[in-house]
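Worksheet for the structure shown next.
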Amino acid sequence: MKPILLKITSGPSVSFSVRTDAKSYKNNTWHYHPEIELLHMVKGQGTLFAGDSMHHFKNGDLVLIGSRLPHYWKFDEPYTLPDKPLKSYIELTQFRDDFWGTDFLALPENQKIASLLERAKKGIVLKGPRTVPIKALLTDLTAASETRRIILLLEILSALAAFKKCHYIASTYSNAGSEIQSDRINAVYNYALRNFRSKINISTVANLTNMTPNSFCRYFKASTRKSYSQFVMELRIGHACKLLSEGRKSIKEICYESGFNSFTLFNRQFKKSKGLPPNEYKKSMQLNWPIYQYCPI
């Protein structure tokens, strides 16, 4: 269940990687890398697992993944169908925090950027109209060359560092840096994503990892800092949030489509997780009042 180390190559003529990808759903695994990753999800929806938590991503999300933060982009089924899948498209850059020298971020003028990259170790989601010029800069960066690349990246980071509202994905997360295969955690996540609407038997999940149920429960909690039942509950609440934000179904329909067999339990767990009941959450989404955390700058 440990993430694998992903080796990112930038090429001999450039100091950091920039690219676009129309097939980003392929060959994805639970992984980490020393490079910081800034990704614009131009088109695509799914679940991003990062550290010990998750985020349901969608078109337009701008996500900053910090150095060595384990993560896994799981696209929704319509984007992964073998025949005629929906098209996805991303723009991203990946860079080490010392590619411009070990002392650059220590300069007084760069302290806000240094703070941003430290906070990114929890994963940051940024939304709203202020992301529009940043996305435009990232698009320009994908086509830039020579010194212009570094200037654009610095402009992007400076703009990101000025954000006062953002959403953290994970808690403070530490990665042990193991390079063993990640097949087991991918199997666990994929099984949960396919079956969270139904009752999940822990013995079935443990069999996917070739462990006994007790060993699996201990190992999962040690790896993610939460129990497997808590992880499944978060998946169900996250799916409910997605349906509530779309506004096409009643709250009772969403309750049962998210894997809850009790409306009372759904309301209680939702309020415990999100701080407000489902009906108020739905209203806040309709009024475009996203729930953010304050980002110190």
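Computed from the coordinates by the stated procedures, all read-outs in this text should not be read as laboratory data. What you see is a predicted model; the values in this text were computed from it and never measured. FYI the Cβ positions are ideal-geometry reconstructions off the backbone, even for glycines, and counts take in every protein chain you see.
Helix 147-161 and the long axis of the chain differ in direction by around 50°, with both axes built from C-alpha atoms.
DSSP beta bridges fully contained in the chain are about 95 percent antiparallel. Measure nothing fancy, just the Cα-based angle from helix 228-246's long axis to the longest principal axis of the chain, in degrees from 0 to 90, nearest 10. Tilt relative to the chain: about 80 degrees. Computed over the range 4-168, the P(r) tail beyond 22 angstrom holds 41 percent of alpha carbon pairs. With R₀ fixed at 30 Å, the C-beta to C-beta distance from ARG148 to ASN59 puts the FRET efficiency at about 0.60. Compared with the direct C-alpha span, the chain from THR212 to SER13 gains 66.6 nm at full extension, assuming 0.36 nm per residue.
Taking every DSSP helix (H) stretch of at least 4 residues in the chain, weighting each as -39,500 (n - 2.57) and dividing the sum by the residue count yields a mean residue ellipticity at 222 nm of -12000 deg cm²/dmol. For the range 4-168, the relative contact order works out to 25 percent when only alpha carbon pairs closer than 8 Å and six or more residues apart are counted. Using a Gaussian network model of the chain in which every pair of alpha carbons under 10 angstrom is joined by a spring, one finds that among ILE65, ILE124, ILE90 the greatest mean-square fluctuation is at ILE90. When each of the peptides 136-144, 42-50, 244-252 is scored by the mean number of other C-beta atoms lying within 10 Å of its residues, the order from highest to lowest reads 42-50, 136-144, 244-252.
Overall shape: prolate for the range 183-286, with the ratio a/c of the largest to smallest alpha carbon gyration tensor axis at 1.5 or above and a/b above b/c.
Spin-label pair TYR256-ALA22: with each label point 7 Å from Cα along the Cα-Cβ axis, the two points sit 4.2 nm from one another. May I ask you to derive the relative contact order of the range 32-110, considering only C-alpha pairs under 8 Å and at least 6 residues apart, and to give it as an integer percent? Here the relative contact order equals 37 percent. Phi-derived couplings, Karplus 6.51 cos²θ - 1.76 cosθ + 1.60 at θ = phi - 60°, listed residue by residue for the range 123-137: x, 10, 10, 10, 9, x, x, 5, 7, 4, x, 5, 4, 5, 5 Hz, with x used for Gly and Pro. Phi angles across the range 106-121 convert, under the Karplus curve 6.51 cos²θ - 1.76 cosθ + 1.60 with θ = phi - 60°, into 3J(HN,Hα) values of 7, 5, x, 5, 9, 5, 5, 5, 4, 5, 4, 5, 5, 5, 5, 5 Hz, Gly and Pro given as x.
Each of the peptides 254-265, 29-40 was scored by the mean count of other Cβ atoms within 10 Å over its residues; in descending order, highest first, they stand as 29-40, 254-265. Each of (1) 52; (2) 43; (3) 34 is a candidate for percent of Cα pairs over 30 Å apart; the one calculated from this structure is (3).
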